[in-house]
1. Kindly evaluate LEU217 against the criterion of being among the hydrophobic types (A, V, I, L, M, F, W, C) and modelled with pLDDT of 95 or more.
2. Filter segment 220-272 down to the residues that are among the polar types (S, T, N, Q), in a strand (DSSP E or B) and either modelled with pLDDT of 95 or more or buried (at least 21 other Cβ atoms within 10 Å of the Cβ) (or both) and list them by number.
3. Report whether or not ILE24 is more than 20 Å from LYS381 (Cβ to Cβ), among the hydrophobic types (A, V, I, L, M, F, W, C) and surrounded by fewer than 24 Cβ atoms within 10 Å (Cβ to Cβ).
4. Give segment 273-314 a look and list any residue that's among the aliphatic types (A, V, I, L, M) and part of a loop (DSSP other than H, G, I, E, B), or say none.
5. For segment 342-361, indicate whether the set of residues that are part of a strand (DSSP E or B), touching a residue at least 60 places away in the same chain (Cβ under 8 Å), more than 17 Å from the chain's Cα centre (by Cα) and closer than 30 Å to ASP96 by Cα is non-empty.
6. Which count do you get for residues in segment 376-386 that are closer than 18 Å to LEU39 by Cβ and modelled with pLDDT of 95 or more?
7. Can you tell me how many residues within segment 380-402 are of a type in the set (Lys, Arg) and in contact (Cβ under 8 Å) with a residue 24 or more places away in the chain?
8. Considering every residue within segment 304-322, establish whether at least one is farther than 19 Å from GLY14 by Cα, surrounded by fewer than 18 Cβ atoms within 10 Å (Cβ to Cβ) and either touching a His at 6+ places or on another chain (Cβ under 9 Å) or in the same structural domain as HIS80 (by TED's automatic domain parsing) (or both).
Amino acid sequence: MRPKVVILGAGFGGLTAARALDSIADVTLVDRHNFQTFLPLLYQVSTAGLAADHVAYPIRGALRKTKVKFRMGSPISVDHKNKSVKLDSSEVLDFDYLIVALGSATNDFGIKGVAEHSLGMKSVGEALNIRSEIMRRFEDLCRFEDDTKFSIAVVGGGPTGVEMAGAIAELKRGPLNSDNADAAKNMSVYLVEAGPRLLPSLSEKLSARTKKDLEKLGVTVLTQAAVAEVKPRQILFSDGTSIPAEVTIWAAGVKGEPAMKVLALPQDGIRIAVDKTLQVSNYPYVFAIGDIAGAKGKDGKYLPMVAPVAMQQARFVAKQIARLLKNEALKDFSYLDKGSMATIGRNKAVVEVKGLRLTGTIAWLAWLWLHLFYLLGGRNKIGTMADWTWNYLTFDRGNRHIMDIS
């Protein structure tokens, strides 16, 4: 008899696991949304480069050629004795194996004012709010017609922060400058990093190149700048200095999705505690994958919260469950790092793959191709290509709408 597998979360990890298990198990996939968000391109939605529906794909559409069942909802409790999970829709799902792939949420590290005065970027709604805030402040500058200044600060020097800061700078230099040059020149963009350099997962050479390219775009890059407090129009640093910030975008880190607390599972810091087999500690019938899982690499450090980790873990867990069904010994998970990349702007990107380092146009084209390859749905691929082509040829961005959804 085929085992029952419930998967919580339909992100990169959850959806990959559901497809991989379809042939050997009766799978039910649960998510609070009926679509998967392509998180790596959310920053382009927030900077008017892409339409919001191009980074969202219906989960049922992704499962169309499978037997996987989908339920829209969130878990509110897990009965470990009877192996069942209750959803906020009051539906109770029985399982033989449970896979937790709930993803991550913005991590404010307990810094005062972050939750109240900064904008996160973990959902389409948040991306649209960022876009609306930027465009609304730009309209204010157009209305004032004086030397009123407007500063945008992106906190976090990882790939998300770098890509966001570069995209905002290009939005300012291109479309907004064409709309109203006097207003655009009064906009400032800051990128704030607490560590000594940007993109710490890449080589120092590529980090330096990234900083140089961002500064060419007009971004003020601050390193060794630890945020002490975020105020409505200002960021205070631990050394007593400050910068103006009418809009603060928080890209400094993520933590396991808080919904994991209702699952009554052991935690390892901000993630779920897992063994090397990806089984949750003391719960052999429960697996955790992706951002929410406290899996560690050979160096003893947590694996990065990126899509490749989640997808490799998803396929691995499907094989682990297949081994359990055959009464075979489980294996330990080992992450194969295929490299890192980040785009900085038009014809500018950095790529590092096993010692191979690329910059400039070649790296930028590699970044475009890879993201387009992993984007779900033919319509989304075509729409994204159309937006990118239009943006590239015209130096314009046609998605500069103020659409508040809150």
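The values are calculated or read from the model by the stated rules, or taken from the named source; none is laboratory data. Because the structure is a prediction, the values reported are computed rather than measured. For neighbour counting, all protein chains shown are included, and Cβ atoms are generated from backbone atoms with ideal geometry for every residue, glycine included.
1. Details: among the hydrophobic types (A, V, I, L, M, F, W, C): yes; modelled with pLDDT of 95 or more: yes.
Considered against the rule, which asks whether it is among the hydrophobic types (A, V, I, L, M, F, W, C) and modelled with pLDDT of 95 or more, LEU217 comes out as yes.
2. Of segment 220-272, the ones among the polar types (S, T, N, Q) are 220, 223-224, 234, 238, 241-242, 248, 267.
Narrowing the set further to residues that are in a strand (DSSP E or B) leaves 220, 234, 242, 248, 267.
Result: THR220, GLN234, SER242, THR248.
3. yes
4. Going residue by residue through segment 273-314, those that are among the aliphatic types (A, V, I, L, M) are 273-274, 278, 280, 286, 288-289, 292-293, 295, 303, 305-307, 309-311, 314.
Correct list: ALA273, LEU278, ILE289, ALA295, LEU303, MET305, VAL306.
5. Within segment 342-361, the first condition is being part of a strand (DSSP E or B), and the residues that meet it are 342-345, 348-353, 356-359.
Filter once more, keeping what is touching a residue at least 60 places away in the same chain (Cβ under 8 Å): 342-345, 348, 350, 352, 357, 359.
From what's left, more than 17 Å from the chain's Cα centre (by Cα): 345, 348, 350, 352, 357, 359.
With the extra rule that they be closer than 30 Å to ASP96 by Cα, the set shrinks to none.
Scanning segment 342-361, I find no residue that is part of a strand (DSSP E or B), touching a residue at least 60 places away in the same chain (Cβ under 8 Å), more than 17 Å from the chain's Cα centre (by Cα) and closer than 30 Å to ASP96 by Cα, so the answer is no.
6. Kept after step one, since they are closer than 18 Å to LEU39 by Cβ, are these residues of segment 376-386: 376-377, 380-381, 383-384.
Restricting the remaining residues to those that are modelled with pLDDT of 95 or more gives 380-381, 383-384.
Count: 4.
7. Applying the first criterion (of a type in the set (Lys, Arg)) to segment 380-402 yields 381, 397, 400.
Remaining after also requiring in contact (Cβ under 8 Å) with a residue 24 or more places away in the chain: 397, 400.
Qualifying residue count, segment 380-402: 2.
8. Our first condition is that a residue be farther than 19 Å from GLY14 by Cα; within segment 304-322, this holds for none.
Looking through segment 304-322, none of the residues is farther than 19 Å from GLY14 by Cα, surrounded by fewer than 18 Cβ atoms within 10 Å (Cβ to Cβ) and either touching a His at 6+ places or on another chain (Cβ under 9 Å) or in the same structural domain as HIS80 (by TED's automatic domain parsing) (or both).
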